[in-house]
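A quick write-up on the structure given underneath.
The values are calculated or read from the model by the stated rules, or taken from the named source; none is laboratory data. This one's a predicted model, so the numbers in the text were calculated from it and none came from an experiment. Neighbour counts run over all protein chains shown; Cβ positions are idealised from the backbone, glycine included. Each accessible area value is taken on the protein alone, full model and side chains, heavy atoms only, with ligands, DNA and RNA left out. Shrake-Rupley method; radii C 1.70, N 1.55, O 1.52, S 1.80 Å.
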Amino acid sequence: MKSRDKNNQAPRGRNRARFNLRGRVLLVVCALGLCSVSLIGRAAYVQLVNRDFYQREGNERFVRNIEIPTSRGMITDRNGEPVAVSSPVESIWCDPQELLKAPDRLPELARALGEPLDTLTSRVSQRAEKEFYYLKRRINPDEAKKILAHGVPGVYSKREYRRFYPQGEAMAHVLGFTNIDDRGQEGVELAFDEWLRGTPGAKKVIRDNRGRIVENVDLVRQAQPGKDLTLSIDRRIQYLAYRELRNALISHEATAGSAVVLDVATGEVLAMVNLPTFNPNSTSLGKPDAHRNRAVTDLFEPGSTAKPLTVAAGLEAGVITPATIFNTNPGWMPNGKYRTTDTHNYGVLDTTGVIRKSSNVGAAKIAQRLENRQFYDFFRKMGYGQSTRSGFPGEASGLFPAPNRWSGTSKQTMSYGYGIAVTPLQVAHAYATLANGGRAIQPTFVKGERNEPKQILDPVIAAEVLKMMQTVTEPGGTATQAAILGYHVAGKTGTSRKASGGGYSRKYLSFFAGVVPVDNPRFAMAVVVNEPSQGSYYGGLVAGPVFHNVMEGALRLMDVPPDDIETWIAAQEKADGKRGLAAVPAAAIPAEVHAALPVPLPGDVQ
């Protein structure tokens, strides 16, 4: 029994001998140590040796460069009054990938945005692979705050700027407008877009897994605000022109109209109005046809407003003098197979009479005395057939064909404004050149921009033509309604039939262009009314009153002294039924008239 027990005990002892617990523990410790060393080495490699790669990968997930928006420069009129300003707004955007992870929140978001659920779902689903999508742009910050208050995952806001135009429709065509990204689309906004826009900044930020900014890391680029721009436009004269042109279109049931006012001495555009117009503050800007600035883009045959230039060309060439006599009997003359006719038989007229009575026959007889090249070169240097280079986007050059393209009747019809095409700005510029002693100045929309004048016409001839044009607004002329009490007004009417289907229709264009005051010209203005259908269609009766009302207000606003005091006093005497200068109370005389009087009035303090 004992021997059996011994035999049984022997194997157990050998098994214990073979099992080396200490060795196994040592082996495990060594293995763990090697793993630790490997992990530490790997960590050191990742963080010290190859850290750029992993830092870049981490940044791709949490670090973002975001744009710092900047405001567009303010536009002011010549007196510093704002006419275009940028207001801060918010735009709601989302990360479609994150938003679609919470589809149960879409109905709540749709109600907050004020749009149908199916529309929102469709919009977001179509961009499921994107990380950025605008949900609603350029809204009031308070409205944006209400939307964000719902806490819908993946929905955020972004600061932007929206353009606001205080003058609305009255200055829409000059200023133009900006698009949803605040880029200029028309008018001055487009012409000076780079100047006004500025440069957005950029900063590096860290976002959390919900897209929220948790840390500003670095300023990448400083935001540069847009520069301000001061226009030559006077908003008061602009509104006057807008109001009076609108009244004319309503009373005569016309389809469209344009008006341009220039400062004679500087070439600055003081007002430019077109109708129909649009509201640049509206999200829907109306018909695109209403966006164009007709005063610089639309062409028309100027009709009789071209006659003063024909007279000036004859005087410069020496083929006529102010005293030259023209026999216009019997009120018409042949022009190939056609006739050049006057509205009446004016009989014998001198050069001044040709302008005062607006005689087509008289203008044609002057053109007959001019060589083709003389006639063509004069109109070209007065700016017809070429851009005024005002810098306004889309400005048309007009049409004044070279002599080698004329037919046998061309020069005769061009002498009274048919067969050529001009813009209202070109007409105003040509009249401003006559008023400026024959010095042409390139028009500008920027206050203080001084373009060098170019002497293109003898000052004596320019003054003679201006005096002839003065008779148009005086008794016996065709535009007495354009006369302004206390001021000498020089101008010219125009009434032309509209071209249609290779001929001329029974629709008309009514014009008046003029200068005031004659003795020291300050303003030149051109007015065009398209297709008047109610009442008269003659330029003196349709466009003349617009000129009168606008210029009368502009002279008062700009404190321009009168150059016809005697007529003003005579009108006062007639109104009061009294005689003599002493009958006019000093208090009843405007300050500018009072200051210009050569002798003190009764009641003045000596």
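Observations
- Conditions (1) in contact (Cβ under 8 Å) with a residue 40 or more places away in the chain; (2) buried (at least 20 other Cβ atoms within 10 Å of the Cβ): number failed by THR480: (2)
Every residue, every condition in (1) in contact with a Leu (Cβ under 8 Å, 6 or more places away or on another chain); (2) modelled with pLDDT of 90 or more; (3) exposed (fewer than 14 other Cβ atoms within 10 Å of the Cβ); (4) closer than 27 Å to THR266 by Cα, yes or no:
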| residue | (1), (2), (3), (4) |
| --- | --- |
| GLY154 | yes, no, no, no |
| SER157 | yes, no, no, no |
| HIS173 | no, yes, no, yes |
| VAL188 | yes, yes, no, yes |
| GLU194 | no, yes, yes, yes |
| VAL205 | no, no, no, no |
| ALA223 | no, no, no, no |
| ILE233 | yes, yes, no, yes |
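- Qualifying residue in the range 427-445 (condition: open to solvent by 50 Å² or more (accessible area, probe 1.4 Å), touching a residue at least 60 places away in the same chain (Cβ under 8 Å), touching a strand residue (DSSP E or B) at 6+ places or on another chain (Cβ under 6 Å) and farther than 30 Å from LYS227 by Cα): no
- Within the range 375-406, tally of residues that are polar (S, T, N, Q) and in contact (Cβ under 8 Å) with a residue 40 or more places away in the chain: 2
- Of the residues making up the range 363-373, those that are in contact (Cβ under 8 Å) with a residue 40 or more places away in the chain and crowded, with 18+ Cβ neighbours inside 10 Å are ALA363, ALA364, ILE366, ALA367, LEU370.
- Contact map, the range 121-144: first residue without any contact (Cβ under 8 Å) to a residue 24 or more places away in the chain, second residue outside any helix (DSSP H, G or I) and aliphatic (A, V, I, L, M), Cβ cut-off under 9 Å, separation 6 or more or different chains; pairs are ARG123/LEU135.
- Answer from GLY514, GLY494 - the residue that is among the small types (Gly, Ala, Ser), part of a strand (DSSP E or B) and modelled with pLDDT of 95 or more: GLY514
- Considered as a group, the residues in the range 289-339 that are outside any helix (DSSP H, G or I) and of a type in the set (D, E, K, R) include one that is surrounded by the most Cβ atoms within 10 Å (Cβ to Cβ), and that residue is GLU301.
- Hits in the range 255-273 (condition: touching a Leu at 6+ places or on another chain (Cβ under 9 Å) and either open to solvent by 10 Å² or more (accessible area, probe 1.4 Å) or among the acidic types (Asp, Glu) (or both)): THR255, ASP263, GLU268
- Condition check for VAL542: closer than 30 Å to ALA256 by Cβ, touching a His at 6+ places or on another chain (Cβ under 6 Å), touching a residue at least 24 places away in the same chain (Cβ under 8 Å) and open to solvent by less than 50 Å² (accessible area, probe 1.4 Å): yes
- When PRO82 is tested against (1) within 21 Å of GLY184 (Cβ to Cβ); (2) surrounded by 14 or more Cβ atoms within 10 Å (Cβ to Cβ); (3) in contact with an Asp or Glu (Cβ under 9 Å, 6 or more places away or on another chain), only condition (3) is not met.
- Across the range 484-504, the qualifying residues are those that are over 19 Å from HIS429 (Cα atoms) and within 31 Å of the chain's Cα centre (by Cα), and the one among them that is surrounded by the most Cβ atoms within 10 Å (Cβ to Cβ) is THR495.
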